[in-house]
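Here the structure is laid out as structure tokens; the discussion comes afterwards.
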């Protein structure tokens, strides 16, 4: 495990817009204090959106799936069921 003192240069680099490796990102995720991660992210946001940095928004996505029955069979969906898979497929009713 990385010592917290070793993380400061990585946090500084990220806050300045520099690249970090996947391993460094994992170290930050596992070991960096949450307030330090937030401060680095805020520094990037302020620089990227200079002039509007006083505005910060977020989205709560409420994507309600009324069924998992699908004919598309795309590769990124992890929960679909083909129309004839009655053991796996479901459809919500209006009361749900």
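We did not get these values from a lab; they are worked out from the coordinates using the rules stated. Treat the numbers as computed from the prediction; the structure is a model and nothing was measured.
Can you tell me the orientation of helix 4-15 relative to the chain, as the angle in degrees between its alpha-carbon axis and the longest Cα principal axis, to the nearest 10? It works out to around 80 degrees. A P(r) calculated from all alpha carbon pairs of segment 4-48, with 10 Å bins opening at zero, reads 30, 61, 9 percent. Angle, helix 22-31 long axis vs. longest principal axis of the chain, Cα atoms, 0 to 90°, nearest 10? Helix 22-31 and the main axis of the chain meet at about 80 degrees.
Under the classification rounded if a/c is under 1.5, otherwise prolate if a/b is larger than b/c and oblate if not, where does segment 18-71 fall, given a ≥ b ≥ c as square roots of the Cα gyration tensor eigenvalues? Verdict is oblate for segment 18-71.
The fraction of Cα-Cα pairs per 10 angstrom bin, counted from 0 for the chain, comes to 13, 26, 17, 19, 21, 3 percent, rounded to whole percents. Remark: relative contact order (the chain) = 19 percent; criterion is Cα-Cα distance under 8 angstrom and separation of 6 or more residues. Relative to the longest principal axis of the Cα atoms of the chain, helix 34-48 runs at roughly 90 degrees.
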